[in-house]
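What follows is one structure encoded as structure tokens, with my remarks underneath.
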Amino acid sequence: MRKWKIALGTAVALGAISVASVHLLDMGNLSLNAGTAGAAPAPAAFVMPVPVVSVVKKTIPIYLDYAARTEPIRSITLQARIPGYLQEQTAADGVDVRQGDLLYKISPDDFQAALDQAKAQVQRDTATLDYARSNLGRGTELAKSGYLAKDGFDQRTSTLREAQASLALNQAAVRTAELNLSYAEIRAPFAGRLGRNQASVGTLVSV
């Protein structure tokens, strides 16, 4: 009787296990099938664009900005060397100029007239000197022959010397007039940048 009970119990237990196993397998299959058939398709993944830059080896200049004040190496104030009216400014304020560039022009009329006058006086003195030399030459021959007094000879000698001195004086006047005329053009003494002009065209400048 005990053996039967044990066998029956065993059979019942095994049967329960078998039924449970079949039930679990069936439920698993049903669940798996249901999940496969009813699921929606997965959305496509979003791809973010990524820029691609080639790596290049090169030297990059570094710029540093500072608040500062610069001063020129050389700075001068242009001053007229002759008086006159400022006729023209040939270079604008702030431009870069080279050495010898024309910057300003003072009216040259008076200085050109003075030069012409000095040259005319040189021509006159040259003619006077030529006559004085010839006159002294004739006086020398006359004095040797006794036809010219010593006082007359001395006078001719003095006239020659006066003509020579007058010619030298007017030759110096020509050089002075030429120099003054050249001062009518104010040029850059060295290369640089022209500053602000303090005298407008037409202003009477003085030295």
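The values are calculated or read from the model by the stated rules, or taken from the named source; none is laboratory data. Predicted model, so just to flag it, every value in this text is computed and none were measured. Backbone-built Cβ (ideal geometry, glycine too); neighbour counts: all protein chains shown.
A few comments on the model shown:
- When Pro72, Pro51, Pro43 are checked against the criterion of being in a loop (DSSP other than H, G, I, E, B), touching a strand residue (DSSP E or B) at 6+ places or on another chain (Cβ under 8 Å) and modelled with pLDDT under 90, Pro72 stands alone in meeting it.
- Cβ-Cβ contacts under 7 Å between residues 6 or more apart (or on different chains), taken from a first residue in the stretch 145-172 that is more than 28 Å from Lys119 (Cβ to Cβ) to a second residue that is at pLDDT below 95 and surrounded by fewer than 16 Cβ atoms within 10 Å (Cβ to Cβ), are listed as Leu148/Leu142.
- Exclusive hit being of a type in the set (Lys, Arg), buried (at least 16 other Cβ atoms within 10 Å of the Cβ) and outside any strand (DSSP E or B), set Arg156, Arg81: Arg156
- Of all residues making up the stretch 153-207, the number that are within 21 Å of Phe111 (Cα to Cα), out of contact with any Leu (no Cβ under 6 Å at 6 or more places or on another chain) and among the basic types (Lys, Arg): 1
- Within the stretch 113-153, considering residues that are of a type in the set (S, T, N, Q) and closer than 30 Å to Gly84 by Cα, the one surrounded by the most Cβ atoms within 10 Å (Cβ to Cβ): Gln121
- Remark: pairs (first residue in the stretch 76-102, within 14 Å of Val201 (Cβ to Cβ); second residue of a type in the set (Phe, Trp, Tyr); Cβ separation under 6 Å; 6+ apart in sequence or on different chains) = Gln89/Tyr104.
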